[in-house]
2 protein chains.
Amino acid sequence: MRERVGIGIDVGGTNVKFGLVQGRRVLFQSSFPTAGSLTPKALDQAMVNAVHLLIRRSKEPVAGVGVGIPGLVKVPQGIVLSCANLVNWKNVPLKGNLKRRLRLPVEVENDVNAMTLAEWKFGAGQGVSNLVCLTLGTGVGGGLIINGRLYRGWNGSAGEVGHMPLGEKGSPCSCGGIACLERTVGNREILAWVRRRLRAGEKSRILELAGGNPAKIIPPMIDEACRLGDRLARETWSRVGTQIGLVLTGVVNLLNPERIVIGGGISKAGRWLFEPMRRTVRERAMRGPGKVSIVPAQLGSSAGLIGAALVGFGEGCTSFRRTK
Amino acid sequence: MRERVGIGIDVGGTNVKFGLVQGRRVLFQSSFPTAGSLTPKALDQAMVNAVHLLIRRSKEPVAGVGVGIPGLVKVPQGIVLSCANLVNWKNVPLKGNLKRRLRLPVEVENDVNAMTLAEWKFGAGQGVSNLVCLTLGTGVGGGLIINGRLYRGWNGSAGEVGHMPLGEKGSPCSCGGIACLERTVGNREILAWVRRRLRAGEKSRILELAGGNPAKIIPPMIDEACRLGDRLARETWSRVGTQIGLVLTGVVNLLNPERIVIGGGISKAGRWLFEPMRRTVRERAMRGPGKVSIVPAQLGSSAGLIGAALVGFGEGCTSFRRTK
C-alpha cells in the first residue's frame, strides 16, 4: 500500500516549520517566523496559507493536517491550553479553527509527543511497545509510548522527564519545582557552567573555538573540543550525561521501558554524552530494567514535521479515545 | 450479576495467606508459615492442599486461583523468575505446576501488582484510568495502572517507586542502586533513624511507649506518640512524608496520574505522614500534575488476597496479551 501524503506543522519558539510528508520522508518543507504571528488569529491565518501552499505543491491529495505545539494541548479536542512561547495562547480551539477553514482532518498535539510518535513509527524507537523519548535543548522534553500507544496522562502533561528533580536541593525552575533536571542539563545551564569554569581560569579549546569570546560558545564547539581531546569539554558532557543518567535510573526502575531515544541539539555530542549516561543507568538501575538500550534519535530536525503529519493521520489519538 | 467466587493466595515473607474471595469480600481465610516450605515443591503441595480446603469450604464453584508472589513473575506464563524471600526460586513454572494438579484456571502475578489491581477495582483507586499504587513496609513497592490496564513494562518489573533514587549520593541498596527511596523510608531505616536520635539524647514519648527499650520500638508507637504531641514522632513522619513526596514529584511530572494510593504498614500514620507528602508534591510538582490526589489504601491487609483472586479471574492479563 502506498503511504498517504499529509501535512505537518511544527510550531517552534523561533520558526513555524511546515511540510508535505509521506511516511518518513519530508517531500517539501518551508517555514515562517513565529515572532510575527503571536496572536492566535495571525497564526491561524499563516497556517491556513501554509497549508494551501502545500496542497498546491502536492501531486497527491492531502489526507490530513497535524500541528505540533510546544505547550499543553487538550486531545482530541485540539485545544491549546497553554504555551510558554506563545504568551497570549490560553484555551485556543486551534483544531476547530483550522478545521472550519481547511475542510480537512486536523489534529493538534504537544510537539514532543509528535516527535515521540515519529521516532517510534519511523526512527530509533521502531519495534518496541514501551519507549521513553527525550529531547535535549533549552528545555528538556519527554514523551512516552506505553503498551504500544502514546501516553498523555490524566490532564495531558505526562512525559516531563526534564522536570523530574535531581535531588532535594537545587535551583528553582520556571515550572515551580526545585532542582529539575532541566536546570542542570538545559542548554543555557550547560553553557553557564562552562563559562564559570573558564572564568575560574581553566584552559580549554572551547574558548579558542569561540574566538576567545565566552559569550559566543555554542554546544557544537564543546563537541569539537571533545574530539580535540579537551578536558573541560569531555568533563562537560560527562557531567551532563551522568545527571541525565541519574534521572533515567528512576525512570527505568519505574517504567521498565525497552528503549530510550535521546534527541535534540546536544544529543549530537555522541559517545561523549551517551557513554556516561549509559554507564550511570547500567550501574545504578535494577538489573533487568538496567538493560534498557539508550540510543540517539534518528530523524533529526525532521522528527517534528513527520510526527505532526502522523498526528494529522490520527495516529496519536487512539489512546485518548479509548480511555475517555 | 452475582460475582464469581475465586481463590487468592498471597505469598509473604512470613506467612502464605489463602482465602475464598467474592468481589471485595474475603469469605474465609487462613494461612501457613512460609518458612516451612521454602522449596518450590513443598510450597506447591501446601498451595494445592490450601486450595482443596477452600474448595470444600465454598458453597459455590471456584472460578479460578490467583497467586501473588513477592518477586519477578513472567506473565502470562506464570513463571517465577526470582523471589527475594524464597531463595531457591529461580524460573519456577508455578502456574503450570498448579494448573496440572488443580484442573482450574491459575494465574501468577507479582504481589504488589495484585494489590494494585485490588485497590483499583474495589478500593481507593476506583474510577480512574491512571493510578500509582505504593506499599510502605520493610520494602517499598509500587504498581501502575496506565490507560486503564495494569502496566508491567518490558520485562515485568515496572512500578519500582521504592528504587527511584532520592539524589546522587546516599546509602547503597540491595538492588544495586544508590540512595533508593526504600533506603530512607523502609521500616528498618525509619526505626534506625529514630534510634539514632534517641541515642543522641533526644527525649521522646516513643521510648516510653517501648518500655524504655529502643529495640522494641515499632512504627505504631510512633503514630501513638504523634497523637500525644511528641516532637520526634511528628518529625519522623514529616521527614518520611517529605522524602516520599520528593520522589512522587518526579513520578507525578513523568506519569501525570489522577490518583496515588498509599498502603502498607506505616500508611496508618495518617495525616502526620500524608500532609507533608501532599504538601511536597503540591509545592514542587508542575501545576496540572501536582493536583493529583494522594489517598490511603482502603483494603488493608486483605488487598493481597483480593488482588490475587482478581488475577485468578484473568483481570491482570489483558495488558500482556494485547501487547505481545
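Rule-based calculations on the coordinates, nothing more; no lab input. Because the structure is predicted, anything quoted here is derived from the model rather than measured. Neighbour counts run over all protein chains shown; Cβ positions are idealised from the backbone, glycine included.
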statement: P(r) over all Cα-Cα pairs of the range B:104-175, 10 Å bins from 0 to the longest distance, whole percent per bin, short to long, reads 18, 46, 27, 8, 1
Phi to ³J(HN,Hα) by Karplus 6.51 cos²θ - 1.76 cosθ + 1.60 over the range B:166-181, Hz, x for Gly, Pro: 7, x, 6, 10, x, 5, x, 10, 4, 6, x, x, 10, 6, 4, 3
task: Would you tell me the mean number of C-beta atoms belonging to other protein chains that fall within 10 Å of each C-beta in A:126-133, as a whole number?
output: 2
- line: Among residues of chain A, the one whose beta-carbon sits nearest the axis that rotates A onto B, given with its distance in integer Å, is A:167, 2
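Could you work out, residue by residue across A:143-151, how many beta carbons of other chains sit within 10 Å of that residue's beta carbon, and then give the average as an integer?
For peptide A:143-151, the averaged partner shielding equals 4.
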Dipole of chain B, positive direction: furthest Cα of B:20, B:159, B:171, with charges on the beta-carbon: B:20
task: State, to one decimal in nm and shortest first, how far the label point of residue B:3 sits from each corresponding label point in the other identical copies (label point: 7 angstrom along Cα-to-Cβ).
output: 4.9
query: Peptide B:282-290: average number of partner chain Cβ atoms within 10 Å per residue?
result: 6
- request: Take every Cα pair under 8 Å in chain A that's 6+ residues apart, average their separations, divide by the length, and report that relative contact order as a whole percent.
  value: 22 percent
task: Report, by chain and number, residues whose modeled amide H sits under 5 Å from the one on residue B:25, excluding near sequence neighbours (fewer than 5 apart, same chain).
output: none
Label distances, nm, residue A:213 versus same residue in remaining copies, Cβ-directed 7 Å point: 7.6
task: Divide by every residue of chain A the summed helix terms, -39500 (n - 2.57) for each DSSP H run of at least 4, and state the resulting mean residue ellipticity at 222 nm, rounded to the nearest 500 deg cm²/dmol.
output: -12000 deg cm²/dmol
- prompt: Which lysines does residue A:216 reach when only Cα atoms under 24 Å apart count, and residues fewer than 8 places away in its own chain are ignored?
  reply: A:203, A:268
- prompt: Rounded to the nearest 0.05, what FRET efficiency is calculated for residue B:2 and residue B:213 with R0 set to 60 Å and r the Cβ-Cβ distance?
  reply: 0.70
- request: Treat every Asp and Glu Cβ in the range B:127-297 as -1 and every Lys and Arg Cβ as +1, leave all other atoms uncharged, and give the resulting dipole magnitude about the Cα centre to the nearest 20 debye.
  value: 280 debye
- prompt: Taking 1 over the mean of 1/r across every pair of different Cα atoms in the range B:223-324, what Kirkwood radius in Å do you get?
  reply: 15.4 Å
- request: Towards the positive end of the charge dipole of the range A:127-297, with charges on Cβ (+1 Lys, Arg; -1 Asp, Glu), say which of A:266, A:209, A:129 has the farthest Cα.
  value: A:209
statement: GNM of chain A, Cα pairs under 10 angstrom: of A:167, A:156, A:300, the biggest fluctuation goes to A:167
Separation of the residue A:60 and residue A:32 label points, Cα + 7 Å toward Cβ, nm: 2.7 nm
query: Suppose every K and R has +1 on its Cβ and every D and E has -1 on its Cβ; what is the size of the dipole of the protein assembly as shown about the Cα centre, in Debye to the nearest 20?
result: 580 debye
- request: Hey, could you grab the Kirkwood Rh for the range A:127-297? Inverse mean 1/r over distinct alpha carbon pairs, Å, one decimal.
  value: 16.5 Å
- prompt: Relative to the present Cα-Cα distance, how much length would full extension add between residue A:91 and residue A:196 at 0.36 nm per residue of separation?
  reply: 33.7 nm
query: Membrane-span-like helices in chain B: DSSP H runs reaching 15 Å or more (Cα, own axis), mean Kyte hydropathy at least 0.0?
result: B:40-57, B:111-122, B:231-255
- request: Report ³J(HN,Hα) in whole Hz for each residue of the range B:20-29, in order, from the Karplus equation J = 6.51 cos²θ - 1.76 cosθ + 1.60 where θ = phi - 60°; Gly and Pro get x.
  value: 9, 10, 10, x, 9, 9, 8, 6, 7, 8
query: Where Rh denotes the Kirkwood radius from the mean inverse Cα pair distance, what is Rg over Rh for the range B:18-149?
result: 0.96
query: Using alpha-carbon positions, what is the distance between the centroids of the range A:24-66 and the range A:166-205, in Å?
result: 37 Å
- prompt: Between A:177, A:304, A:264, which gets the highest mean-square fluctuation from a Gaussian network model of chain A, Cα cutoff 10 Å?
  reply: A:177
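How big is D, in µm² s⁻¹, for the protein assembly as shown by Stokes-Einstein at 37 °C and 0.692 mPa s if Rh is the Kirkwood radius over C-alpha pairs? Intermediate values should be presented prior to the final figure.
Values: Rh = 26.3 Å.
So the translational diffusion coefficient is about 125 µm²/s.
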- request: Would you pull out the residues with amide H under 5 Å of residue B:262's amide H, same chain only if 5 or more places away, H placed 1.01 Å from N?
  value: B:134, B:295, B:297
message: Looking at chain B as a GNM with Cα springs under 10 Å, which of B:203, B:99, B:59 has the largest mean-square fluctuation?
response: B:59
statement: Placing one equal point scatterer on each C-alpha of chain A and summing with Debye, one gets log10 I(q)/I(0) at q = 0.09, 0.14 Å⁻¹ equal to -0.48, -1.09
Shortest-first nm distances, residue B:90 label point to equivalent points in other copies (7 Å, Cα→Cβ): 6.2
task: Using Cα positions and a limit of under 17 Å, work out the lysines in reach of residue A:99, with same-chain residues fewer than 8 apart set aside.
output: A:41, A:74
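Determine by what factor the alpha-carbon radius of gyration of the range A:197-251 differs from 2.2 N^0.38 Å, reporting the quotient.
On the way: Rg = 12.6 Å, N = 55, 2.2 N^0.38 = 10.1 Å.
In units of the 2.2 N^0.38 Å rule of thumb, it is 1.25.
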field: Whole-Hz couplings from phi, Karplus 6.51/-1.76/1.60, listed for the range A:147-159; x for Gly and Pro
entry: 6, x, 9, 5, 10, 9, x, 4, 10, x, 10, 4, x
query: In nm, to one decimal, how far is the residue A:39 label point from the residue A:268 one, both placed 7 Å along Cα→Cβ?
result: 3.7 nm
- prompt: How large is the charge dipole for the range B:1-159, taken about the Cα centre, if only the Cβ atoms of Lys, Arg (+1) and Asp, Glu (-1) carry charge, to the nearest 20 debye?
  reply: 520 debye
- prompt: Taking amide hydrogens as modeled 1.01 Å from N in the peptide plane, which residues meet the under 5 Å criterion relative to residue B:16, leaving out close sequence neighbours?
  reply: B:32, B:34
- prompt: Quick one: if you stick a label point 7 Å off each Cα along the C-beta vector at residue A:174 and residue B:275, how many nm between them?
  reply: 3.5 nm
